[in-house]
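Note sheet for the following structure.
The values are calculated or read from the model by the stated rules, or taken from the named source; none is laboratory data. Nothing here was measured: the structure is a model prediction, and the numbers come from that model. Here the Cβ is made from the backbone with ideal geometry for all residues, glycine too, and neighbour counts use every protein chain on show.
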Amino acid sequence: MTKAGKKAAFNYDLDFRKINFRERPDLYRVGKGEQGVLLVEPYKTEILPHWRFKTPEIAAESSAKITELFEQYLEKEDFVGADMARKFLQMGYTRSRRYANHRSGKKYDGPVPENKKGQSGAHGREILPNEEDPVKAASAAIFKESWHKAKENKKYKELLAEFRQKYEQSEST
């Protein structure tokens, strides 16, 4: 944590194509929520092929596999891998939930303004009405349960505290 008690920000300025975060965990930052989930290698390549949520059956299989990877990373005391698996579980929930609320997967009406691409938020666009999809809602519930178990896992929390102490605390001085 920084002096102000805030968590260290995820650094999007790194050259993610060239960094192996298994070899350089010192460059990783937890950030907020799902930040970096589709950038941090080799974890993205290891986890992404298993990330699916089209139906509850597919979501259950996906969630179980990602949870298995999460546990393998914990066994190896690979915090970055465990955190990335936790982020994929969280993203399984948030994306399933978005499709549960909006069949098209689009939350906002209209294109993203050119100067706002890559940023989240409405940016003056209208939020589309919810059209509940019970299949995607069931997928979301599966991922939500796995995500919450992961983030509350005792070993994960211990590794998170150690990681922040070792790599993120020095940023506050």
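Of GLU152, GLU158, which residue is farther than 29 Å from ILE58 by Cβ, modelled with pLDDT of 95 or more and within 22 Å of the chain's Cα centre (by Cα)?
On the way: GLU152 fails: farther than 29 Å from ILE58 by Cβ.
Only one candidate qualifies: GLU158.
Quick one: in the stretch 134-159, which of the residues that are over 17 Å from THR67 (Cβ atoms) and of a type outside the set (Val, Ile, Thr) is surrounded by the most Cβ atoms within 10 Å (Cβ to Cβ)?
Taking the stretch 134-159 as the starting set, the residues that turn out to be over 17 Å from THR67 (Cβ atoms) are 134-138, 158.
If we keep only those that are of a type outside the set (Val, Ile, Thr) too, we end up with 134, 136-138, 158.
Working: PRO134: 9, LYS136: 24, ALA137: 15, ALA138: 17, GLU158: 13.
Here the answer is LYS136.
Restricting the first residue to the stretch 142-156 and requiring it to be within 16 Å of ARG95 (Cβ to Cβ), which pairs with a second residue that is among the charged types (D, E, K, R) and modelled with pLDDT under 95 meet a Cβ separation below 9 Å and a spacing of at least six or different chains?
Once the first residue is within 16 Å of ARG95 (Cβ to Cβ) and sits in the stretch 142-156, its partners that are among the charged types (D, E, K, R) and modelled with pLDDT under 95 give PHE143/ARG95; PHE143/ARG97; LYS144/ARG97.
For every residue, the table says whether it meets (1) touching a residue at least 12 places away in the same chain (Cβ under 8 Å); (2) touching a helix residue (DSSP H, G or I) at 6+ places or on another chain (Cβ under 8 Å); (3) within 23 Å of LYS144 (Cα to Cα).
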| position | (1), (2), (3) |
| --- | --- |
| ASN11 | yes, yes, no |
| ARG22 | yes, yes, no |
| VAL30 | yes, yes, yes |
| LEU48 | yes, yes, yes |
| GLU57 | no, no, yes |
| GLU61 | no, no, yes |
| ILE66 | yes, yes, yes |
